[in-house]
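Report on one structure; see the data block that follows.
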Amino acid sequence: MCGIFGYIGPKPVKKILIDGLEKLEYRGYDSAGIAFMNQKKAEVIKNAGKVQLLKEKLDSVEIVSTIGIAHTRWATHGQPNSINAHPHKVGNITLVHNGILENVSEKRIWCEQKGITFQSETDSEVIAALIYLAKGNTMLEKIETALQDIKGSYALAILCDGEEKIYVTRKDSPLLIGIGEKECYLSSDLSAIPKDIVEYLFLEEKDIVILEKDHFKVYQNGKEKLKQPEKIKREEKNIEEMTYEHKMLKEIEEEPEVITRILNHYLKKQLPNLEKYSEIHIVGCGSAYYAGEIGKYLLETYAHKKVLCEIASEYRYKNILYEKDTLVILVSQSGETADTIAAMRKAKESGIQTLSIVNVLNSTIARESDQVLYTLAGEEIAVATTKVYVAQVLLFSLLTYQMLKEEKEKIREEYSKLSFYIKKTLERDQEFKEFAKILYTKKQVFFIGRQIDYALAREGSLKLKEISYLFSEAYPAGELKHGTISLIEKDFPVLTIVTDSSIFEKTLSNIEEVKARGANVLTITNQKTGNLLEIVLPKIHPFLQFFLVIPCLQKIAYDTAKLRNCPIDQPKNLAKSVTVE
Ligand code: G6P
């Protein structure tokens, strides 16, 4: 949700800022802008649209400045146009902001009464005005005063005309600082900072950092505090050159490798023992929540645990009567999702143990949860998650596996072939394309299944709507006849997942019900159903069978979006990391 970047040091800032923004573009891409110090004044260049447009605009601009801040936006307050794009300048204050100012109306009126005329509809410009108007002898005092009684979340990088410094602060929104040789970077996440930077400052809530070329100072409540940078070992691998048409495709193709990496790492280890908890709550958003649904099914079915799986934005406001021995598992690719962070803090405040399943190293959830299991999937850039979802469900599978009482050897043997099975499944490209050819002309789709097949259907349906903009809904196959079946008419596509042999016949009956009403049924199964259009997967151990369905659903969504000419890696209105509520 909005990417913030900044640099202060000896190098000209233009290329550095653009490179940073390109890496952060997954966080939002409806407008972008930069500000740099030019003869002691901050100059702003910004426009609507993607970073590429800004880059083209900057081609003809010579920038010698070595101090600058930058922003790529996911609109919250106000249309995604160039006026609302960041940076915002009020008087001598120029800033970029990620987050949401909740008491914006009241603050806007107050600023207007003090003579401010706002240019944009954004809450961020209001923050700039509050700092500009704030009382204080120094910028530090002004920032502290301005932020004192604002409600909401913020990550801010601020320039002040006449000063060769960048002021940085955050609350409930991610921001970190990379410290190099006489230079500092600031960024919403680690991936945008050059890999040769090894020292990092992770800001506590409401820390204010003053960055100068050759040093930094950290303040909390007006007082300087000593804070040592942490050394972080970054992944050696540089992001590979694009040999795939889309990053999403590349990331799907990486799944066999991710599976091997996770199994090599975790099968040798003792994972957290869930045996001792009387109840497990799994919490996440979007695909992470759907991965949790798979986890719930596995833990309930094979480990006989009592599990609740909840959407984080609901969980955080629920009145939860925790059993003493509850474990809360937070699932998040980014580790920065605002609602999931709030859910984690809620559990911690109640004295409940937390375990996170996170992809991004050192992210807020990884750092604050009591225990963390990293998904080791590597950087995921496409907004729609694929390889990380696979990694998340694999971790749930491993957590369950270690509690199994039977067939452990057999399943271990099957784990060793899982990567190969996924690779083979991915080779069935023609079959996915056949499905996509049917779906891409339609206006709506139903996904149906029972039990774990339903959990898979929910993620499959989300994937399709995220990237192809087709209306799609996942339903438990047995529930359709209680209302929704009224929508079925001739040629209505119903994608059915049927791999769970214990309820195979039941789902077949549901297929017959929709067929009888003219539905165009597509099936993904491990046992022939007799349906004309079906992908028949090899039968593997039931504990791992569901894994083979995942790449099919991802590729079908991908191929459908491609036929519909959609911007697959950056779908409209979405952002990969949702750091606002
Ligand atoms: C956004 C993304 C989804 C993602 C969800 C949770 O909505 O568009 O793809 O599943 O956030 O993100 P997280 O980083 O917590 O897994």
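If I fit a long axis through the Cα atoms of helix 452-468 and take the longest principal axis of the Cα atoms of the chain, what angle between them do I get, 0 to 90°, rounded to 10?
Here the helix axis deviates by roughly 50 degrees.
Hey, could you get me the Stokes-Einstein D for the stretch 42-99, Kirkwood radius over alpha-carbon pairs, 25 °C and 0.890 mPa s, rounded to whole µm² s⁻¹?
Estimated via Stokes-Einstein, D reaches 198 µm²/s.
Quick one: length gained pulling Lys410 to Trp110 fully straight, 0.36 nm per residue minus the C-alpha distance?
101.2 nm
Find the accessible area per residue for the stretch 348-392; the probe is 1.4 Å, ligands and nucleic acids are left out, and the unit is Å².
Using a 1.4 Å probe on heavy atoms only, each residue of the stretch 348-392 averages 29 Å².
Note down the relative contact order for the stretch 66-223 as a percent, whole number, built from C-alpha pairs under 8 angstrom at least six residues apart.
19 percent
What nm distance separates the two modelled labels at His304 and Glu505, each placed 7 Å from Cα along Cα→Cβ?
The two pseudo-label positions are separated by 2.7 nm.
If you fit an axis through the alpha-carbon atoms of helix 286-303 and take the longest principal axis of the Cα set of the chain, what angle between them do you get, 0 to 90°, nearest 10?
40 degrees
For the chain, what is the convex hull (Cα atoms) projected area averaged across all directions, in square nanometres? Numbers along the way, then the final one.
Values: hull surface 108.5 nm².
Reported value for the Cα convex hull: 27.1 nm².
Using the basic label-point model (7 angstrom from Cα toward the beta carbon), what is the Asn221 to Lys318 distance in nanometres?
Inter-label distance under the simple model: 3.6 nm.
Ignoring ligands and nucleic acids, what accessible area does Asp491 show with a 1.4 Å probe (Å², nearest 10)?
Estimated to the nearest 10 Å², Asp491 gives 70 Å².
Would you kindly state how much longer the chain becomes between Asn81 and Glu102 on full extension, computed as 0.36 nm times their sequence separation minus their alpha carbon distance, in nm to one decimal?
5.4 nm
To the nearest 10 degrees, how steeply does helix 123-133 sit against the main Cα axis of the chain, on a 0 to 90 scale?
20 degrees
Which entries of Lys318/Lys555; Lys233/Lys268; Lys57/Lys562 have Cα-Cα distances beyond 25 Å here?
As for pairs spanning more than 25 Å Cα to Cα, those are Lys318/Lys555; Lys57/Lys562.
So for Thr301, Thr499, what's the accessible-area order with a 1.4 Å probe, most first?
Output order, biggest surface exposure first: Thr301, Thr499.
Considering the Cα positions of the stretch 147-251, please state its Rg to one decimal place and its Dmax as a whole number of Å.
When restricted to Cα atoms, the stretch 147-251 yields Rg and Dmax of 16.2, 51 Å.
Mind ranking Cys285, Cys184 by accessible surface for me, highest first, 1.4 Å probe?
Of Cys285, Cys184, the descending order of accessible area is Cys285, Cys184.
On the protein heavy atoms, probe 1.4 angstrom, tell me the percent of accessible surface of the chain carried by carbon and sulfur.
49 percent
Sort Leu226, Leu147 by heavy-atom solvent-accessible area, probe 1.4 angstrom, most to least.
Numbers: Leu226 165, Leu147 15 Å².
Ranked list, largest accessible area first: Leu226, Leu147.
On each of the three principal axes of the Cα atoms of the stretch 68-117, give max minus min coordinate, whole Å, ordered largest first.
The principal-axis extents, from largest down, are 30, 24, 17 Å.
At 37 °C and 0.692 mPa s, grab the translational diffusion coefficient of the stretch 426-567 from Stokes-Einstein with a Kirkwood Rh over Cα pairs, rounded to a whole number in µm² per second.
223 µm²/s
Report Rg(Cα)/(2.2 N^0.38 Å) for the stretch 238-405, keeping two decimals.
Working: Rg = 15.6 Å, N = 168, 2.2 N^0.38 = 15.4 Å.
Taking the Cα Rg and dividing by 2.2 N^0.38 Å, one obtains 1.01.
Would you grab the residues whose amide H sits under 5 Å from the one on Lys41? Only those 5+ places off in sequence or on another chain, please, with H modelled 1.01 Å from N.
Residues meeting the amide H criterion: Gly162.
Just to be sure I understand the curve: with the Debye formula and one point per C-alpha of the stretch 293-363, what is log10 I(q)/I(0) at q = 0.15, 0.17, 0.25 Å⁻¹?
-0.51, -0.65, -1.27
If contacts are Cα pairs under 8 angstrom and at least 6 residues apart, what is the relative contact order of the chain in percent?
The normalised contact order for the chain reaches 12 percent.
Before I look further, what does the stretch 1-145 give for accessible area per residue, probe 1.4 Å, in whole square angstrom?
On a per-residue basis, the stretch 1-145 sits at 40 Å².
Considering only DSSP states other than H, G, I, E and B, which trypsin sites (Lys or Arg not before Pro) in the stretch 461-499 qualify as loop sites with at most 13 other Cβ atoms within 10 Å?
Lys490
Only loop residues by DSSP count here, and only those with at most 16 other Cβ atoms within 10 Å; note down the GluC sites (Glu not before Pro) in the stretch 406-495 that meet that.
Sites meeting the loop and neighbour criteria: Glu406, Glu407, Glu427, Glu489.
Let me know the charge dipole size of the stretch 498-581 about its Cα centre in debye, to the nearest 20, where only the beta-carbon of Lys, Arg (+1) and Asp, Glu (-1) is charged.
Dipole magnitude for the stretch 498-581 comes out near 220 debye.
Nothing charged except the Cβ atoms of Lys and Arg (+1) and of Asp and Glu (-1): what's the magnitude of the dipole of the chain about its Cα centre? Round to the nearest 20 debye.
In debye, rounded to 20, the chain gives about 100.
The values are calculated or read from the model by the stated rules, or taken from the named source; none is laboratory data. Bear in mind that the values here come from a model prediction, so they are computed numbers and not experimental data. Backbone-built Cβ (ideal geometry, glycine too); neighbour counts: all protein chains shown. Side chains are part of the model used for accessible areas, which takes the heavy atoms of the whole protein and leaves out ligands, DNA and RNA. Shrake-Rupley method; radii C 1.70, N 1.55, O 1.52, S 1.80 Å.
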